[in-house]
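Report on one structure; see the data block that follows.
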Amino acid sequence: MASVLAERLSRVIAWVCAAILYVTFGAIFFILCSDVILRYFSGSSLRWASEIPELLFPWLVMSGVVLAAQHGAHIATTFLADAVHGRVRRVIAAVGHIAIIAAYGLLAVVAAQAIPIVADEHSPLLHVPGSVTYSCLLAGFVLIALVHLGELLNRKVKREADDVQVTGAWQ
């Protein structure tokens, strides 16, 4: 049951992050290309055209970081895990996942506490609160913690043998 739930959660996280990645990338590309074309043909530009990519870029990056964490490509250190096998390797993987869950959980709490502070700052032209872009940190930290929680649950349920594949921070 836990493994099925973790797998479903992983698919939802991947879908949401991929959607954010594609939409933000497409919007940034379209806005910047439109502004360049407008400058080329009319000699003027859209005043807000530089501000929207600045607001969207953190969401683009954080969605990519979460997807990288899902594929074990975010933070990777393998020297210790590669040196051992069997139960020791599983324990190292579990400790790594627990450490990442704790670290990103703490980062999420700190980000949540900072959001009201940065909400007072507004972008110069569109007057978007700073909390909009800062919220992507909170969302990313929570999603990365959930990715590693899912990995930890999958490992506990599966009880993999010596050829356990270590992911995330310990790959």
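The set of residues from segment 110-149 being part of a helix (DSSP H, G or I) and either aromatic (Phe, Trp, Tyr) or farther than 27 Å from ALA68 by Cβ (or both) comprises PRO116, ILE117, TYR134, PHE141. Among the residues in segment 55-70, are any closer than 15 Å to LEU149 by Cα, under 15 Å from the mean Cα position of the chain (by Cα), polar (S, T, N, Q) and at pLDDT below 95? Yes. For ILE100, the conditions (1) crowded, with 18+ Cβ neighbours inside 10 Å; (2) under 30 Å from LEU32 (Cβ atoms) are fulfilled apart from (2). One residue alone among GLY43, GLY105 is on the phi > 0 side of the Ramachandran plot and out of contact with any strand residue (DSSP E or B) (no Cβ under 8 Å at 6 or more places or on another chain), and that residue is GLY43. Of the set (1) farther than 14 Å from GLY150 by Cβ; (2) within 25 Å of the chain's Cα centre (by Cα), all apply to ILE101 but (1). For segment 150-163, filtered to residues that are crowded, with 20+ Cβ neighbours inside 10 Å and under 19 Å from CYS17 (Cβ atoms), the residue that is modelled with the highest pLDDT is GLY150.
Taking every residue in segment 71-89 that is under 18 Å from ARG155 (Cα atoms) and part of a helix (DSSP H, G or I) and pairing it with any residue that is charged (D, E, K, R) and at pLDDT below 80, at least 6 positions away or on another chain, the pairs with Cβ-Cβ distances below 6 Å are GLY86/ASP162.
The condition of being in contact (Cβ under 8 Å) with a residue 40 or more places away in the chain, β-branched (Val, Ile, Thr) and in a helix (DSSP H, G or I) holds for only one of VAL66, VAL4, VAL12, VAL36, that being VAL66.
The values are calculated or read from the model by the stated rules, or taken from the named source; none is laboratory data. None of these values were measured; they are calculated from a predicted model. Reconstructed Cβ throughout: ideal geometry from the backbone, glycine too, with neighbour counts over all protein chains shown.
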